[in-house]
Structure formats: C-alpha cells, structure tokens
1. Can you tell which of MET22, MET43, MET73 shows the greatest fluctuation in a Gaussian network model of the chain with Cα springs below 10 Å?
2. Measure nothing fancy, just the Cα-based angle from helix 65-78's long axis to the longest principal axis of the chain, in degrees from 0 to 90, nearest 10.
3. At a 1.4 Å probe radius, carbon and sulfur cover how many percent of the accessible area of the chain?
4. Given +1 on the Cβ of Lys and Arg, -1 on the Cβ of Asp and Glu, and no further charges, what dipole in debye does segment 1-81 carry about its Cα centre, rounded to the nearest 20?
5. From the gyration tensor of the Cα coordinates in the chain, what semi-axes in whole Å does the equivalent ellipsoid have, largest first, with each one equal to sqrt(5λ)?
6. Along segment 7-19, what does the Karplus equation 6.51 cos²θ - 1.76 cosθ + 1.60 (θ = phi - 60°) give for ³J(HN,Hα), rounded to whole Hz, x for Gly and Pro?
7. Using the Cα centre as the reference, give the magnitude of the dipole from point charges on the C-beta atoms of the chain (Lys, Arg: +1; Asp, Glu: -1; all else neutral), rounded to the nearest 20 debye.
8. Can you tell me the 0 to 90 degree angle between the C-alpha axis of helix 106-126 and the longest principal axis of the chain, rounded to 10?
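The values are calculated or read from the model by the stated rules, or taken from the named source; none is laboratory data. These numbers come from a predicted model, not from an experiment. Positions of Cβ are backbone-derived with ideal geometry, glycine not excepted, and every protein chain shown enters the neighbour counts. Heads up: the accessible areas ignore ligands, DNA and RNA and are worked out on the full protein's heavy atoms, side chains in. Shrake-Rupley method; radii C 1.70, N 1.55, O 1.52, S 1.80 Å.
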Amino acid sequence: MSDTYTLYNETVMDHFLNPRNMGDIKDADGVGEVGAAACGDIMKISLKIKEGRIEDARFKTFGCGSAIASSSMATELIKGRTIQEALSFTNQEVVDALGGLPPVKIHCSVLAEEALKAALEDFIKKNPESATPARAGVTA
Ligand code: FES
C-alpha cells in the first residue's frame, strides 16, 4: 500500500480519483482563481448564478490530490446555495464533508474556500445589486 492510500481516507480518494464538476462553465457569471503560496498549486472555480442562487459550479485545479478532492467537494456543497449562504462558506465544511484531511493538507481546503470567494466577488463586482440580502435570494 502506498503512502497516498494511508494518508487519505476513502472519501478523499473517491473525490480525487473521480472528481465531480471538473471543467469550466461557458459564459460563467463569476470566476475565481487563486494560488497557494506554500506549494504553488492553483485552483479555479467558475459559477453559474441564477436569481441569486448558485446553479452550477465547476473547477480546474493544478495541484495535489487533496486540492482536487477539496475542489470537487466544495463545488458539490455550494450548488443550490444563495450568494449570501455561499459567502459564509468555510474550508471546515469541506474538511468535514471529506471526513477529515491530514493537518499538512488543510491549506488545500482553504484554497477551495478562497477560490469560491474570489468567484463570488467577481460576480458581485459585475452585479453590485446582488450583494444585498434581499436580492441575493435570502428570505426571512
Ligand atoms: Fe498545496 Fe495541496 S499541497 S494545495
């Protein structure tokens, strides 16, 4: 058994070997690309947003297995959320949904949070009215 298999649990390996939502979105409403200073890995997340809600999310990641699994899980988790809900998304959700990551790989999940927030900021910059809760699909 290789070190990779002892380092990662089954869920992480599944999202690494069978990543969900890989690729770009044609005519994306928001795109965020970030890099990790520690390792040089790069992650890009594209969003399709309709009526204040994330309709589709896709990713392209040049990085380690943990970064690929984190972007796969993050795109799964945020689909269907409102902009406001997505703005409070944290890497801990990714870590929890993956069933945990080794401590040295936590920064890979942070990259997913940062890429998502960068994509949301890109969308809000182009659609400033969307940043108000009422228009962002938040209901009381
Ligand atoms: Fe840097 Fe995974 S080692 S993103």
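1. Between MET22, MET43, MET73, it is MET22 that shows the largest mean-square fluctuation.
2. 30
3. Answer for the chain is 53 percent, counting heavy atoms of protein chains only.
4. Its charge dipole is roughly 240 debye.
5. Sorted largest first and rounded, they come to 27, 14, 13 Å.
6. Using θ = phi - 60°, the values come out as 6, 10, 7, 5, 5, 4, 4, 4, 6, 6, 7, 10, x Hz.
7. Result for the chain is approximately 300 debye, rounded to the nearest 20.
8. 20
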